[in-house]
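Novice: Submitted below is the structure of interest, expressed as structure tokens.
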Amino acid sequence: MNEIQGKINEDLLNYQTLRLKGLISEMVQCCEDRKFYETQRFGLPYSEVKCLMLFEGERYLTVKGIAQKLEVAKSRVTKITDGLIEKGLVKRLDDPNDARVKLISLTREGERISREIEAFHREIHRDILLELDDDERKNVLAYLELLRSAMEAVKERFV
């Protein structure tokens, strides 16, 4: 009896593993599609959109800080910020405490675009939740928290 039960559980686990992989792939693709639409809507490369979103609640950021948050090289951040400067969305300032450090700040237009992007993100996530009834929303959020925790636990084993 144990052999049969073990076989059934292993078969079930294999099916669930493939299903999880497929669902996550589909969700990632949906996010990629959204990123593509977002770049079209705001007329910015996605790297610039991501950079603008880092300023939420921040007056200034350093190139080093942006590089750490985006997990890219400082040279890449320089290219991204140069593009945003050309578009009039950010400006580069000297740090009054350290002449070697440059501070990056949003311009008024950059603040406006950042607010639009944030509103767009809220609208998308709100619309997703509105596809579900009250109980489904509660359950989906709880299970996503559980999934995120499980993913973090597994990630720790590989880091």
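The values are calculated or read from the model by the stated rules, or taken from the named source; none is laboratory data. Keep in mind that what you see is a predicted model, and the values were worked out from it rather than measured. All Cβ positions, glycine included, derive from the backbone under ideal geometry; neighbour counts span all protein chains shown.
Novice: What do you reckon, is L129 at pLDDT 95 or above, surrounded by 15 or more Cβ atoms within 10 Å (Cβ to Cβ) and either of a type in the set (D, E, K, R) or touching a helix residue (DSSP H, G or I) at 6+ places or on another chain (Cβ under 8 Å) (or both)? Spell out the reasoning first.
Specialist: On the way: at pLDDT 95 or above: yes; surrounded by 15 or more Cβ atoms within 10 Å (Cβ to Cβ): no; either of a type in the set (D, E, K, R) or touching a helix residue (DSSP H, G or I) at 6+ places or on another chain (Cβ under 8 Å) (or both): yes.
No; evaluated as a whole, the condition is false for this residue.
Novice: Something else about it: In this structure, does E136 turn out to be assigned to a helix (DSSP H, G or I), more than 21 Å from the chain's Cα centre (by Cα) and either surrounded by 10 or more Cβ atoms within 10 Å (Cβ to Cβ) or not assigned by TED's automatic domain parsing to the domain that holds T17 (or both)? Full working, then the answer.
Specialist: Details: assigned to a helix (DSSP H, G or I): yes; more than 21 Å from the chain's Cα centre (by Cα): yes; either surrounded by 10 or more Cβ atoms within 10 Å (Cβ to Cβ) or not assigned by TED's automatic domain parsing to the domain that holds T17 (or both): yes.
Criteria met by E136.
Novice: Residues in the stretch 39-68 that are at pLDDT 95 or above and charged (D, E, K, R): how many?
Specialist: 3
Novice: Within the stretch 73-83, is even one residue closer than 24 Å to F120 by Cα, out of contact with any Pro (no Cβ under 6 Å at 6 or more places or on another chain), modelled with pLDDT of 95 or more and loosely packed, with under 15 Cβ neighbours inside 10 Å?
Specialist: Within the stretch 73-83, none of the residues are closer than 24 Å to F120 by Cα, out of contact with any Pro (no Cβ under 6 Å at 6 or more places or on another chain), modelled with pLDDT of 95 or more and loosely packed, with under 15 Cβ neighbours inside 10 Å.
Novice: Let me ask something additional. Evaluate the following for R100: is it surrounded by fewer than 15 Cβ atoms within 10 Å (Cβ to Cβ), outside the structural domain of C30 (by TED's automatic domain parsing) and modelled with pLDDT of 95 or more? Give the steps one after another, and end with the answer.
Specialist: Numbers: surrounded by fewer than 15 Cβ atoms within 10 Å (Cβ to Cβ): yes; outside the structural domain of C30 (by TED's automatic domain parsing): yes; modelled with pLDDT of 95 or more: no.
Considered against the rule, which asks whether it is surrounded by fewer than 15 Cβ atoms within 10 Å (Cβ to Cβ), outside the structural domain of C30 (by TED's automatic domain parsing) and modelled with pLDDT of 95 or more, R100 comes out as no.
Novice: List, please: which pairs have Cβ atoms under 8 Å, are six or more places apart or on different chains, and start with a residue in the stretch 23-47 that is not assigned by TED's automatic domain parsing to the domain that holds I113 and outside any loop (DSSP other than H, G, I, E, B) and end with one that is among the hydrophobic types (A, V, I, L, M, F, W, C) and exposed (fewer than 10 other Cβ atoms within 10 Å of the Cβ)?
Specialist: From the stretch 23-47, no pairs qualify.
Novice: Within the stretch 25-36, which residues are in contact with a helix residue (DSSP H, G or I) (Cβ under 9 Å, 6 or more places away or on another chain) and hydrophobic (A, V, I, L, M, F, W, C)? Talk me through it step by step, then tell me what you get.
Specialist: Taking the stretch 25-36 as the starting set, the residues that turn out to be in contact with a helix residue (DSSP H, G or I) (Cβ under 9 Å, 6 or more places away or on another chain) are 34-36.
Listed by number, the list holds a single entry, F36.
Novice: Would you point out which residue out of G88, G110 is small (G, A, S), in contact (Cβ under 8 Å) with a residue 12 or more places away in the chain and surrounded by 13 or more Cβ atoms within 10 Å (Cβ to Cβ)?
Specialist: Numbers: G88 fails: surrounded by 13 or more Cβ atoms within 10 Å (Cβ to Cβ).
Within the list G88, G110, the selection yields G110.
Novice: Still on this structure, please answer the following. Of all the residues that make up the stretch 56-71, how many are farther than 20 Å from D98 by Cβ, touching a residue at least 12 places away in the same chain (Cβ under 8 Å) and part of a loop (DSSP other than H, G, I, E, B)?
Specialist: Initially, the stretch 56-71 is screened for residues farther than 20 Å from D98 by Cβ, giving 56-57, 70-71.
Okay, now just the ones that are also touching a residue at least 12 places away in the same chain (Cβ under 8 Å), so 56, 70.
Narrowing further to those that are part of a loop (DSSP other than H, G, I, E, B): 56.
Within the stretch 56-71, residues that are farther than 20 Å from D98 by Cβ, touching a residue at least 12 places away in the same chain (Cβ under 8 Å) and part of a loop (DSSP other than H, G, I, E, B) number 1.
Novice: Continuing with the same structure: Take L89 and tell me if it is in the same structural domain as T107 (by TED's automatic domain parsing), within 23 Å of F120 (Cβ to Cβ) and within 18 Å of the chain's Cα centre (by Cα). Outline the logic, then answer.
Specialist: Details: in the same structural domain as T107 (by TED's automatic domain parsing): yes; within 23 Å of F120 (Cβ to Cβ): yes; within 18 Å of the chain's Cα centre (by Cα): no.
Criteria not met by L89.
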